[in-house]
Amino acid sequence: MSDEHHHQELGFIQKYVFSVDHKVIGIQYAVTSLIFLLFGFTLMMVMRAQLAYPNGDFGIIGKIFGRGVESGVMLPEFYNMLGAMHGTVMIFLGVVPLAVGGFGNYVLPLQIGAPDMAFPKLNMASYWSFLVGGIIMIASFFTPEGPAQSGWTSYPPLSDINPGQTIWLLGMVFLITSSLLGSVNFIVTTIQLRAEGLSFFRLPFFVWAQLVTSFLLLLAFPPLEAAAVLQLMDRLAGTSFFLPSGLVVGGNMLDVAGGGNPLLWQHLFWFLAHPEVYVLILPAMGIVSEIIANNTRKPLWGYKSLVYATVFLGFMSFIVWAHHMFLTGMGSTMSNFFQTTTMIISVPSVVILTALIISLWGASIRFTVPMLFALAFLPMFAIGGLTGLPLGLAASDIHLHDTYYVIGHFHYVVAPGTIMALFAGIYYWYPKATGRFMNKLLGHMHFWGTFIFMNGVFMPMFLQGMAGVSRRLYDQTGYLHGEAVQDLTIASSWSAWLLGVAQIPFIINFFLSIKAGKKTDNNPWQATTLEWSAPSPPPHGNFLTEPVVYRGPYEYSVPGASEDFSPQINKNA
Amino acid sequence: MAADYGWWMPPDISTHGHGIDGLISALHWFMAVLFVGWGIFFTYCLVRFRVGRTPRATYELPKGKMSKYAEVVVVLFEVFLLLGMSIPAWDEIKNDMPDEENAFKVRVVAEQYAWNIHYPGPDGVFGTTAPELIDSENLIGLDPDDPDGSDDFVAINQLHVPVGETVLLQLSSKDVIHSFWIPVLRVKQDVIPGMVFPMWFTTKPDTNGTYQMACAQLCGNNHYKMYGDVVVETQEKFDEWYAYMTEDDDGEEEEDE
């Protein structure tokens, strides 16, 4: 190892801005994506006002939204912009960069005992490409056309003819590039840079989850990148990849070559976007597994079945995409195939959830703040997963497709599910990154507020969906079945705003604890995995001596051991 | 008769809807049983194995076969839902298309932001249409030289059907993707421009009333206003309306002949 290189003093810019250190990049990713998450959530809180009180007067607040609000009332096109950008920001700028770019970057090299990622400069390029993509997306609010307004799914022909889409596509090209650079790096790092003795079945489950996630990103994103370029051509170069002949928009024949097919986009889009769902959930499962093992003080139940289930989930996630498209005119052959694969993919999810719950049996559960979030993940993910079944079967999907039921379902997976897990991860690894604990009282306030109001936001949506309310409606009260469930909409909106309030303790805690948090040693949770044998915070290069691994990742409460945890790095239990 | 809307599924006035509704309720019972089962185990663990009560964890993992059995039951029930319920219901809807001769035929042409309902008129035959002919008078581009089309008429956002009769629809779109949905009839179909989609339903007897159709796919600014009436009425009332619409639309042309 080039020691003199590692210990060279770097200037501020190289150390904290254009850094190649995986930990700095991880923190850059995490902080940037947390800001984007807050931004994306704010967009939703504004939308919830229109939904709860259709055409209500925003009064003085409306001035902030400029052209989007006319004489105090939100315009439908502004609602659609907020909707499209909420989805885009939360998924591509918030959850994925936090789960993969943030946690993956920070934790993965430490957990495998590596000094850094395999390609540090590629890692830096990945972050900066992400940031440019993010800035393009946010900047689109200030362009003359405004941001995209055709939904995050961007179905043509609407997206081909609507304003704002060009800049969205440009932003996506940067974000996809960032993901591809990152995923290559994760795969190579995991395979090549594991510490001596760290065989694949001694890897913490978090590393497995990140590895499978990286393969999904690497294989699923290129089709969307291609599709984005085709859509860009449709908009800028007059091609018709997604436009059939004979379109008449607003009474005028559209002057395009024609001959394309709007369905092509949907296939390319969902070929990415279904694996993307697992990109959102797998790192969360990884985080939760680490925290559950640590706070139950015993090995995970069925570690190998967790790994096999995850790998199988990864494979299967490539052949279920058309269950998003049951109502696009599919006959029996297609729908039977995709319903069957969808039912099959539910099995590994059940296996994973069951393994995590059985891991509690015979435990000695410590209810730390990260553990509260990790435990809450389990029932929330269960609801999200189970409500996927009626959508994955074609016949029940006829009634529920494109209703609020869908919104409720995937949010339970991603928001009360993944985001709870991400919070758990922040509370868990914060002492490693800063050398200090986050405040416990503020943590409890944050947890209970988030847990209660998350459910308050999304539970009513299942009933709305059952009643038949379509998603993406600027005002549902024009429908009789929409008017009948308007009270639920109001309850959901108030929960969303209170959920916003519940994040205040977290924001305060996150920043204050950097200086004011209680100091910790290297291994404050008495954990076993490698990151806890590095100093807190770890220096550039991570480990003071190159780690050697002697045992599996979750050797807690080993009979005859001197303590109730046996770190992977210890030769004697 | 106004339908009874509430916090669960709207009433079902179709003859095929029981397959969908049955599947949805079977699924929700299944989900409830699983969730409650998991929940009881989960809560018991949290209480029984909290650090205060169990200061030291056991290293050995539980060996019971319960989880295996539970997983097998889950898989078997999913197979039943798939093969026993979902696939047959889907087959009935997609593959048992009614005979053209015996059904009341109607075309639906979607546009931002309305449903143009195209009726064939008394001759029961649709006139040819072409996108070049669409203008503010001729909403669906009916060919004026085609005699089949002379008695055709278009009602915007008004789908009238005789109660109890099988209706065969042909869906198409002029501009972007819409999704044609009638919640009380348990029919929903994306309408993708450049393609034509068949759809059918039969109303149950004595379900006369005015219901709503909806757009389920984001189609632009006024997507939220893209609703219309589905009027299910007795044969006599329907004939009256049909005759009135036919005269209203093409009275002048008939005088010319």
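The values are calculated or read from the model by the stated rules, or taken from the named source; none is laboratory data. For clarity, every value in this text was computed on a predicted model and none was experimentally measured. Glycine also receives a Cβ, built like all others from the backbone with ideal geometry; neighbour counts cover every protein chain displayed. Surface accessibility is based on the protein's heavy atoms, side chains included, excluding ligands, DNA and RNA. Shrake-Rupley method; radii C 1.70, N 1.55, O 1.52, S 1.80 Å.
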Can you confirm whether A:PHE269 is closer than 30 Å to A:PRO379 by Cα, open to solvent by 10 Å² or more (accessible area, probe 1.4 Å), part of a helix (DSSP H, G or I) and of a type outside the set (Asp, Glu)? no
Among residues belonging to the range A:372-390 that are of a type in the set (A, V, I, L, M, F, W, C) and at the interface with chain B (Cβ under 10 Å from one of its Cβ atoms), point out the one that is surrounded by the most Cβ atoms within 10 Å (Cβ to Cβ). A:LEU375
Members of the range A:137-156 found to be in a loop (DSSP other than H, G, I, E, B), in contact with a helix residue (DSSP H, G or I) (Cβ under 6 Å, 6 or more places away or on another chain) and buried (at least 23 other Cβ atoms within 10 Å of the Cβ), listed by number: A:PRO147, A:ALA148, A:GLN149, A:SER150, A:PRO156
Looking at the range B:88-95, is at least one residue without any contact (Cβ under 8 Å) to a residue 12 or more places away in the chain, more than 7 Å from every other protein chain (Cβ to nearest Cβ) and either buried (at least 16 other Cβ atoms within 10 Å of the Cβ) or on the phi < 0 side of the Ramachandran plot (or both)? no
The listed residue being part of a loop (DSSP other than H, G, I, E, B) and within 30 Å of B:MET199 (Cα to Cα), out of A:MET330, A:MET334: A:MET330
What residue, of A:SER214, A:SER178, A:SER159, A:SER183, is touching a Ser or Thr at 6+ places or on another chain (Cβ under 6 Å), in a helix (DSSP H, G or I) and closer than 30 Å to B:ASP175 by Cβ? A:SER159
Considering A:ILE398, A:ILE407, which residue is hydrophobic (A, V, I, L, M, F, W, C), open to solvent by less than 20 Å² (accessible area, probe 1.4 Å) and either farther than 16 Å from A:PRO370 by Cα or not in a helix (DSSP H, G or I) (or both)? A:ILE398
Among residues of the range A:289-307 being in contact with a helix residue (DSSP H, G or I) (Cβ under 8 Å, 6 or more places away or on another chain) and among the hydroxyl-bearing types (Ser, Thr, Tyr), the residue nearest to A:ASN523 (Cα to Cα) is A:SER289
Taking only pairs six or more apart or across chains, which ones have beta-carbon atoms under 7 Å, a first residue in the range B:147-166 that is over 21 Å from B:ALA214 (Cβ atoms), and a second residue that is assigned to a helix (DSSP H, G or I) and open to solvent by 40 Å² or more (accessible area, probe 1.4 Å)? B:SER150/B:GLU253; B:PHE153/B:ASP249; B:PRO162/B:GLN235
Considering only residues of the range B:22-60 that are within 8 Å of another protein chain (Cβ to nearest Cβ) and under 18 Å from the mean Cα position of the chain (by Cα), which is surrounded by the most Cβ atoms within 10 Å (Cβ to Cβ)? B:LEU23
Helices (runs of 4 or more DSSP H) fully within the range A:458-527 counting 2 or more residues that are touching a residue at least 40 places away in the same chain (Cβ under 8 Å): A:486-502, A:504-516
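With respect to B:ALA70, is the statement that it is facing another protein chain (nearest Cβ under 9 Å), among the small types (Gly, Ala, Ser), free of Cβ contacts under 8 Å to residues at least 40 places away in the same chain and part of a loop (DSSP other than H, G, I, E, B) true? Spell out how you get there, then give the answer.
Working: facing another protein chain (nearest Cβ under 9 Å): yes; among the small types (Gly, Ala, Ser): yes; free of Cβ contacts under 8 Å to residues at least 40 places away in the same chain: yes; part of a loop (DSSP other than H, G, I, E, B): no.
Here the answer is no, as B:ALA70 does not meet what is asked.
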Tally of residues being modelled with pLDDT of 95 or more and farther than 11 Å from B:LEU46 by Cβ across the range A:362-375: 7
Tally time: how many residues in the range A:353-369 are closer than 26 Å to A:LEU442 by Cα and of a type in the set (Ser, Thr, Tyr)? 2
Give the residues of the range A:54-86 that are free of Cβ contacts under 8 Å to residues at least 24 places away in the same chain and hydroxyl-bearing (Ser, Thr, Tyr), sorted by residue number. A:SER71
Can you find a residue that is in contact with a Gly (Cβ under 8 Å, 6 or more places away or on another chain) and within 11 Å of another protein chain (Cβ to nearest Cβ) anywhere in the range A:334-341? yes
In this structure, is B:ILE13 more than 9 Å from chain A (Cβ to nearest Cβ), of a type in the set (A, V, I, L, M, F, W, C), touching a Lys or Arg at 6+ places or on another chain (Cβ under 8 Å) and in contact (Cβ under 8 Å) with a residue 24 or more places away in the chain? yes
Check the range A:474-485 and report whether any residue there is of a type in the set (A, V, I, L, M, F, W, C), within 30 Å of A:TRP152 (Cβ to Cβ) and open to solvent by less than 10 Å² (accessible area, probe 1.4 Å). yes
Is there a residue being touching an Asp or Glu at 6+ places or on another chain (Cβ under 7 Å), in contact (Cβ under 8 Å) with a residue 12 or more places away in the chain and over 30 Å from B:GLU92 (Cα atoms) anywhere in the range A:315-336? no
Please specify each residue of the range A:223-266 satisfying the condition of being away from chain B (no Cβ under 12 Å), part of a loop (DSSP other than H, G, I, E, B) and under 33 Å from the mean Cα position of the chain (by Cα). A:PHE241
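Quick check on this structure: which one of B:ILE117, B:ILE24 is outside the structural domain of B:LYS225 (by TED's automatic domain parsing) and within 25 Å of B:ASP206 (Cα to Cα)? Show your work before the answer.
Working: B:ILE117 fails: outside the structural domain of B:LYS225 (by TED's automatic domain parsing).
After ruling out the rest, the residue left standing is B:ILE24.
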Qualifying positions in the range A:275-313 - open to solvent by 10 Å² or more (accessible area, probe 1.4 Å), within 14 Å of another protein chain (Cβ to nearest Cβ) and among the hydroxyl-bearing types (Ser, Thr, Tyr): A:TYR303, A:SER305, A:TYR308
Restricting the search to the range B:96-107, which residues are more than 14 Å from every other protein chain (Cβ to nearest Cβ) and open to solvent by 40 Å² or more (accessible area, probe 1.4 Å)? B:ASP99, B:GLU100, B:GLU101, B:ASN102, B:LYS105, B:ARG107
Can you spot a residue in the range B:219-233 that is surrounded by fewer than 24 Cβ atoms within 10 Å (Cβ to Cβ), among the β-branched types (Val, Ile, Thr) and part of a loop (DSSP other than H, G, I, E, B)? no
Pairs needed: first member in the range B:207-236, more than 7 Å from chain A (Cβ to nearest Cβ); second member anywhere, among the charged types (D, E, K, R) and in a strand (DSSP E or B); C-beta distance under 6 Å; at least 6 residues apart or different chains. B:ASN208/B:GLU233; B:THR210/B:ASP229
What is the number of the single condition among (1) open to solvent by 10 Å² or more (accessible area, probe 1.4 Å); (2) more than 9 Å from chain B (Cβ to nearest Cβ); (3) not polar (S, T, N, Q) that A:TRP361 does not meet? (2)
From A:VAL96, A:VAL89, A:VAL20, grab the single residue that is in contact (Cβ under 8 Å) with a residue 60 or more places away in the chain and open to solvent by less than 20 Å² (accessible area, probe 1.4 Å). A:VAL96
